[in-house]
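Take a look at the structure below.
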Amino acid sequence: MKLESILLKYKNYLLAIAIVLSALAVSIRGNDGKVFLTFQDYPIAIFLMVSISTFLVMLYIQISKRKIENLSNQIKEHSNVNREGFSALLAELTTRQKEVYDLIISGKTNKEIVSELFIEQSTLKTHVNQIYRKLNIKSRSELKSKN
């Protein structure tokens, strides 16, 4: 675990080292109008630099993947906690408010809900405002995103 935290802390340095090694491996010099690899007389050195830089890039990718997985798991855990809390809030709705909630979630407009439930527009607005208050939300889009 300690090695992992050290690698995570210095992962950007790993990438920088890999770039420098790759650049060194393919660095060129010119002489009398001709271009040469700087290390053309040392193919083993070129091979080692490219191999090490490839290893460092792969290590960087693995560290990044692990970090993304950890963050994803944290988001899922947080989402589950929020979902459980939201379910408890839904239980506080009256039967009629649950009907209105279900119709809103299904994408019905206020006009469609009024005609389906045979209620007045003002009654619907009261139900909607009570739903928002009980669920601690401010809009339909927020309501739909919580579902």
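Computed from the coordinates by the stated procedures, all read-outs in this text should not be read as laboratory data. None of the values given here were measured: they were computed from a predicted structure. Note: ideal-geometry Cβ built from the backbone for every residue, glycine included; neighbour counts use all protein chains shown.
Compute the helix-to-body angle for 121-135: its Cα long axis versus the longest principal axis of the chain, expressed 0 to 90° and rounded to tens. For helix 121-135, the angle is close to 50 degrees.
In the stretch 41-147, what chymotrypsin sites (Phe, Trp or Tyr not before Pro) fall in a loop by DSSP, with at most 13 other Cβ atoms inside 10 Å? Could the numbers behind the result be given before it?
Details: sites: 47, 55, 60, 86, 101, 118, 132; in loops: 118.
Here the sparse-neighbourhood loop sites are 118.
Convex hull volume per residue, computed on the Cα atoms of the chain, equals 187 Å³.
Taking the longest Cα principal axis of the chain as reference, the axis of helix 95-105 is set at about 40 degrees.
Calculated mean residue ellipticity at 222 nm for the chain: -25500 deg cm²/dmol, from DSSP H runs with n ≥ 4 weighted as -39500 (n - 2.57), summed, divided by the residue count and rounded to 500. Positive contributions from Lys and Arg (+1) and negative ones from Asp and Glu (-1), summed over other residues with Cβ under 14 Å from the Cβ of residue 69, come out at +2. To test your reading of the geometry: what angle, between 0 and 90 degrees and rounded to tens, separates the Cα axis of helix 11-25 from the longest principal axis of the chain? Helix 11-25 sits at roughly 30 degrees to that axis. Our summary of shape: the Cα atoms of the stretch 92-147 have principal axis extents of 26, 20, 17 Å, ordered from largest down, in whole angstrom.
Compute the relative contact order of the chain as a whole-number percentage, counting only Cα pairs closer than 8 Å that sit 6 or more residues apart in sequence.
18 percent
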